[in-house]
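Novice: Before we start, here is the structure in question, set down as structure tokens.
The values are calculated or read from the model by the stated rules, or taken from the named source; none is laboratory data. All values reported here derive from a predicted model rather than from experimental measurement. Every residue, glycine as well, gets a Cβ built from its backbone with ideal geometry; the counts of neighbours run over all protein chains shown.
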There are 2 protein chains.
Amino acid sequence: VPPTALSERSLSANGWGFAGTSFPPPAALLSWLAERLGATAPRSAVDPTAVVLPAARPLPELPAAVSAEPMDRLLHARGRGFSDLVRLRSGRLPAAPDAVARPADAGEVEALIQACSRHGLRAIPWGGGTSVTGGVNTLAGAAPAVVVDLAGVAGLRRLDARAGLATFGGGTTGPALEASLAPHGLTLGHFPQSWELSTVGGWAATRSSGQESLAVGRIEELVAGLELVAPAGRLSLPALPASAAGPDLRRLALGSEGRLGVITEVTVRVRPRPAERRIEALLLPSWEAGQEAVRVLSRSGIDLQMLRLSDPAESEVALATGLGGHSWEPLARGWLRLRGVGSEACLLLVGGAGSVVAADEALDDARAFLRRQLGRGGVVSLGQRPGRRWLADRFRHPYLRDGLLDRGIATDTLETAAPWSALPGLWSAVRGALVGGLPGEAVPVLCHVSHVYPDGASLYFTFFFRAAADPEEDIARWAVLKRTATEALLAAGGTLSHHHGVGSWHAPWLHREVGEAGLRILRAAAREVDPAGVLNPHVLLDPVDRLEE
Amino acid sequence: VPPTALSERSLSANGWGFAGTSFPPPAALLSWLAERLGATAPRSAVDPTAVVLPAARPLPELPAAVSAEPMDRLLHARGRGFSDLVRLRSGRLPAAPDAVARPADAGEVEALIQACSRHGLRAIPWGGGTSVTGGVNTLAGAAPAVVVDLAGVAGLRRLDARAGLATFGGGTTGPALEASLAPHGLTLGHFPQSWELSTVGGWAATRSSGQESLAVGRIEELVAGLELVAPAGRLSLPALPASAAGPDLRRLALGSEGRLGVITEVTVRVRPRPAERRIEALLLPSWEAGQEAVRVLSRSGIDLQMLRLSDPAESEVALATGLGGHSWEPLARGWLRLRGVGSEACLLLVGGAGSVVAADEALDDARAFLRRQLGRGGVVSLGQRPGRRWLADRFRHPYLRDGLLDRGIATDTLETAAPWSALPGLWSAVRGALVGGLPGEAVPVLCHVSHVYPDGASLYFTFFFRAAADPEEDIARWAVLKRTATEALLAAGGTLSHHHGVGSWHAPWLHREVGEAGLRILRAAAREVDPAGVLNPHVLLDPVDRLEE
């Protein structure tokens, strides 16, 4: 994993990630979509430098470096969810932060947050700004809004190699974090799709899960200790391997999305850096057989890094595009037909890591296990080339949305998780809700099992629809799909989110998962540390449907 | 593990566990103690039927079966910590519950708790009553106290074999829980020392850890969902494999020790029952080399069930007693001297489980790994006999305290955990605090690493002192030792408790671990669900030192 110095690359003001980086939609994907959506009209984005933001309101003197430059305000106005991209591309933003503050350390964060509390200013913590749930958006509101950019509260602070504990400033990005561990032969191993941009504080605040969580665990398991700064004071929770000293307040901080404080420091559990990462692509006979095979494989004790099982539709697209650009159809198709692989076939990526020998051994063991499970003919290996391609592109996939929007194709993803027994019903329900969500319009849907646990798994859906001429119309259609899919997934026993968090967009549904009693407890905790309610007030606990704001 | 029907065995009213069960101190232990403490005078316990309790105060009508029988009140007056045993044996109790309520289901628990809230009655949830931290004690107080015995809210409710999820009533004991899983070939694998008596709700409430947590995880990892009943309503958290839907409120319930509600239902992650359990005893050259060996072994990927490393003093006692009754000294000592094992040698128990082949393979791998680490001569195997003895006796060890008290020897345990780097200093500090804790008196101390994690481990201390003639004097001395050891362990970076919980005895120190901000959040949550403050009011959040109450 090459380290990337964020400061050396400028960010895109109206798309995912870095300016100048793109991931053009593969021709095979475009033709697959054209078959379903028909022809679409190209759509351009307005020049960000020409965007006129709502006027910045005057602010009192704040105890940190503060900028009200238009480009700064624009770059910190929204996360990078679907409606964010549409609004940023259209240049019509209903609101923007009145200032961007850049505290230099936890002390400045504390002084800044307290000043916000005194003056009734909204304070919106900002890590990588990659939220896809409206988690960092500045919405219209009477109280002026200050984005608290944590880029200055970053870097490795302490390394305890014997215990395998590394302490970072909350604003440390994925590449900076791994780059500071690499010289010690260590890794965190937490690789969410946003890894190049997002921060360890952001991962903790949103209960993030990396693509290799099968091997290293979710961020909850990786965080040993942390420090939160709120108007009422600091919450410092030391790094401990385990404890029974009352409820684990780390777990209340994890997922608190700014409502309980700004995460200024995180101590994570690190491990030896694997020498090698290997991914094998396999085809399994069907979605049902695939789920069952993955379920038992995940309980087999074989030391795997990743299991990623695509449903038939996603498998078809993945095979057609060669997993991103290098199509090896129609050769592969012909060969697969010879092997008896039909249209129900599902693509499974199996990852192993460690020494070269260990990684290969894990893949050999997994393949042999699956062949015992499904019969020799039920498991067709496609080798390691698709996996290498996937690995090379994994942080570029989000750029695909921008390229599709350029071509008039709207796309978004959503995800959930449930016990194994509920998974088939959950898949049908969410898929059905999306496919039928826009009457008279095609909504193609792809899905994969992205994270696997002994008791269940997550489902990650990608859906597409024709972009309208009017951005507000795009957002309205997208909101319809989000609402119907969210209702469907909750009714089918899925969680509101497996790894994207709640933000402002999922917040109206949170009571369905944790109950009114759960919400009351969270509100009481937030009130206690933030009596004026200035910390990221529209996320997590705000019951208003803000999908279209 | 044979199932034990609790209802068929009556409980001891003034000692650990079941009436008529005992674990007489081995002669070798008594002589080891006599060498250090000198001769001690036998001490008898008063007949429980002759104990006169403070008069039960009249209560309003309550919506559950209620008993004010003296023996019921006595059996539910205290947990089974050191001062509890001393008070129960002396027959002098400062307080007792005014009634014992036995709700039949979660609905009755809810009605009962609401009635307690309306009438200002303390409600003390009771599972197995095995707390060693004052966690279920009825203390003197103006508000009448009702113990809520959950024996009726028990049993397997649902089993989802595909997901490996089993839902139990909160009052289900360890043996009942395993007995209902056994016909399905499943196990929870959670075996705290109190397992024969304690309940799944109690494990959850106190963040319990079982002796095989290395293989199955702590109770936090085993609980997938749960239901709490509080005066303000029910908190029902569904079983999910993973989620990012805000902070995980399960982790706020886990460790809440009754303050956030009564745990009426728990869904746990179960797994296939291992055919075999094997434990090998090894001698390692020193405490320091042993800790380092265990640290790297725990990161080796070898699939172990248990690692338990005794310090030199505990190793000496364990070898002398043959780990409980069957002494094979002096033969073993002579042989060990031949092998060059000196007085610094440390006993390591290594557990493997699974099929017979897998269990043996794990032990072979571990032994080979340790010999690579420490050299062939550094690892002396004592075979599997000590482990079989330990396994046979593991739930009987707590009875030892009663047998020692009969002989005028006071003993208690305490435990903590810390990162590996802090462990040697933690051991010295706590050991030093205890050894020097009673000026002019010998306090022999034993210790072992009881639970191992990638980033650290727990330390479990056992200490002894001469019992005084007066029970109050015993308790005062014990309180001195608890205070000095607790100060020492916190100052050395240890957690207040690794698996015994906070209760009332550790509560005055909780702020040292979670800070004032942490305490404020917990208090706000408790206030929200229990505005009248009736739920177990002296535990967790009560800052008063109640060691001597």
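Novice: Considering each of A:Leu490, A:Leu541, A:Leu510, A:Leu535 in turn, give the residue that is of a type outside the set (S, T, N, Q), closer than 27 Å to A:Val449 by Cβ and touching a Lys or Arg at 6+ places or on another chain (Cβ under 6 Å).
Specialist: Working: A:Leu541 fails: closer than 27 Å to A:Val449 by Cβ; A:Leu510 fails: touching a Lys or Arg at 6+ places or on another chain (Cβ under 6 Å); A:Leu535 fails: closer than 27 Å to A:Val449 by Cβ.
Sole residue among the options that is of a type outside the set (S, T, N, Q), closer than 27 Å to A:Val449 by Cβ and touching a Lys or Arg at 6+ places or on another chain (Cβ under 6 Å): A:Leu490.
Novice: Here's something else I'd like to know. Is there a residue being within 14 Å of chain A (Cβ to nearest Cβ) and hydroxyl-bearing (Ser, Thr, Tyr) anywhere in segment B:396-408? It would help to see each step written out before you state the result.
Specialist: Taking segment B:396-408 first, the residues within 14 Å of chain A (Cβ to nearest Cβ) are none.
No.
Novice: When you go through B:Glu221, B:Glu196, B:Glu265, B:Glu227 one by one, which is the residue that is within 30 Å of B:Leu382 (Cβ to Cβ) and of a type in the set (Asp, Glu)? Step through it out loud before you land on a result.
Specialist: Working: B:Glu221 fails: within 30 Å of B:Leu382 (Cβ to Cβ); B:Glu265 fails: within 30 Å of B:Leu382 (Cβ to Cβ); B:Glu227 fails: within 30 Å of B:Leu382 (Cβ to Cβ).
Exactly one of B:Glu221, B:Glu196, B:Glu265, B:Glu227 is within 30 Å of B:Leu382 (Cβ to Cβ) and of a type in the set (Asp, Glu), namely B:Glu196.
Novice: Of the residues that make up segment B:355-365, is at least one closer than 19 Å to B:His498 by Cβ, at pLDDT below 95 and either assigned to a helix (DSSP H, G or I) or not hydroxyl-bearing (Ser, Thr, Tyr) (or both)? Break it down into steps so the answer makes sense when it comes.
Specialist: Filtering segment B:355-365 down to residues closer than 19 Å to B:His498 by Cβ leaves none.
Checking segment B:355-365: not a single residue is closer than 19 Å to B:His498 by Cβ, at pLDDT below 95 and either assigned to a helix (DSSP H, G or I) or not hydroxyl-bearing (Ser, Thr, Tyr) (or both).
Novice: Return a yes/no flag: does segment A:415-423 have any residue that is in a helix (DSSP H, G or I), out of contact with any helix residue (DSSP H, G or I) (no Cβ under 8 Å at 6 or more places or on another chain) and either within 26 Å of A:Ser209 (Cβ to Cβ) or modelled with pLDDT under 95 (or both).
Specialist: Here is the first cut: in segment A:415-423, the residues in a helix (DSSP H, G or I) are A:420-423.
Checking the rest, the ones that are also out of contact with any helix residue (DSSP H, G or I) (no Cβ under 8 Å at 6 or more places or on another chain) come to A:421-422.
Next, only the ones that are either within 26 Å of A:Ser209 (Cβ to Cβ) or modelled with pLDDT under 95 (or both) stay: A:421-422.
Within segment A:415-423, one or more residues are in a helix (DSSP H, G or I), out of contact with any helix residue (DSSP H, G or I) (no Cβ under 8 Å at 6 or more places or on another chain) and either within 26 Å of A:Ser209 (Cβ to Cβ) or modelled with pLDDT under 95 (or both).
Novice: Which of the following residues is within 14 Å of chain B (Cβ to nearest Cβ) and either under 24 Å from A:His498 (Cβ atoms) or among the aliphatic types (A, V, I, L, M) (or both): A:Thr199, A:Thr173, A:Thr206, A:Thr167?
Specialist: Numbers: A:Thr199 fails: within 14 Å of chain B (Cβ to nearest Cβ); A:Thr173 fails: within 14 Å of chain B (Cβ to nearest Cβ); A:Thr167 fails: either under 24 Å from A:His498 (Cβ atoms) or among the aliphatic types (A, V, I, L, M) (or both).
Matching residue, one of A:Thr199, A:Thr173, A:Thr206, A:Thr167: A:Thr206.
Novice: It is to be established whether one or more residues within segment A:108-120 are more than 21 Å from the chain's Cα centre (by Cα), surrounded by fewer than 20 Cβ atoms within 10 Å (Cβ to Cβ) and of a type in the set (A, V, I, L, M).
Specialist: yes
Novice: If you check A:Val66 against the conditions, is it modelled with pLDDT of 95 or more, under 25 Å from A:Leu139 (Cβ atoms) and in contact with an Asp or Glu (Cβ under 7 Å, 6 or more places away or on another chain)? If you could, list the steps in order and put the result at the bottom.
Specialist: Values: modelled with pLDDT of 95 or more: yes; under 25 Å from A:Leu139 (Cβ atoms): yes; in contact with an Asp or Glu (Cβ under 7 Å, 6 or more places away or on another chain): no.
No: the conditions fail for A:Val66.
Novice: If a residue must be more than 7 Å from chain B (Cβ to nearest Cβ), under 24 Å from the mean Cα position of the chain (by Cα) and free of Cβ contacts under 8 Å to residues at least 40 places away in the same chain, how many such residues does segment A:487-531 contain?
Specialist: 7
Novice: Return yes or no: is A:Phe461 closer than 30 Å to A:Gly351 by Cα and modelled with pLDDT of 95 or more?
Specialist: On the way: closer than 30 Å to A:Gly351 by Cα: yes; modelled with pLDDT of 95 or more: yes.
Yes, satisfied.
Novice: In segment B:465-472, is there at least one residue being in contact with a Lys or Arg (Cβ under 7 Å, 6 or more places away or on another chain), buried (at least 23 other Cβ atoms within 10 Å of the Cβ), away from chain A (no Cβ under 14 Å) and in a strand (DSSP E or B)?
Specialist: Within segment B:465-472, one or more residues are in contact with a Lys or Arg (Cβ under 7 Å, 6 or more places away or on another chain), buried (at least 23 other Cβ atoms within 10 Å of the Cβ), away from chain A (no Cβ under 14 Å) and in a strand (DSSP E or B).
Novice: If you don't mind, another one. Mind listing whichever residues of segment A:53-68 are closer than 21 Å to A:Val109 by Cβ and in a loop (DSSP other than H, G, I, E, B)?
Specialist: Taking segment A:53-68 first, the residues closer than 21 Å to A:Val109 by Cβ are A:59-68.
Once the filter is applied, which keeps residues that are closer than 21 Å to A:Val109 by Cβ and in a loop (DSSP other than H, G, I, E, B), segment A:53-68 yields A:Leu59, A:Pro60, A:Glu61, A:Leu62, A:Pro63, A:Ala64, A:Ala68.
Novice: Considering only residues that are of a type in the set (D, E, K, R) and more than 7 Å from chain A (Cβ to nearest Cβ), which ones fall in segment B:221-237? It would help to see each step written out before you state the result.
Specialist: To start, the set of residues in segment B:221-237 that are of a type in the set (D, E, K, R) comprises B:221, B:227, B:234.
Within segment B:221-237, B:Glu221, B:Glu227 meet the criteria.
Novice: Residue pairs, Cβ under 6 Å, 6 or more apart or interchain, first in segment B:381-392 and within 14 Å of B:Leu283 (Cα to Cα), second modelled with pLDDT under 90. List them.
Specialist: Every condition considered, the pairs that remain are B:Pro386/B:Leu323.
Novice: Taking interchain pairs and intrachain pairs at least six residues apart, which have beta carbon atoms under 8 angstrom, with the first residue in segment A:445-463 and outside any strand (DSSP E or B) and the second polar (S, T, N, Q)?
Specialist: Between residues of segment A:445-463 that are outside any strand (DSSP E or B) and residues that are polar (S, T, N, Q), the close pairs are A:Pro454/A:Ser298.
Novice: So, one more: Among what's in segment B:416-449 and is among the polar types (S, T, N, Q) and within 14 Å of another protein chain (Cβ to nearest Cβ), pick the residue that is surrounded by the fewest Cβ atoms within 10 Å (Cβ to Cβ). Give the derivation first.
Specialist: Step one: list which residues in segment B:416-449 are among the polar types (S, T, N, Q), which gives B:416, B:421, B:428.
Then drop every residue that is not within 14 Å of another protein chain (Cβ to nearest Cβ), which leaves B:416, B:421.
On the way: B:Thr416: 30, B:Ser421: 18.
Only one residue tops the list, namely B:Ser421.
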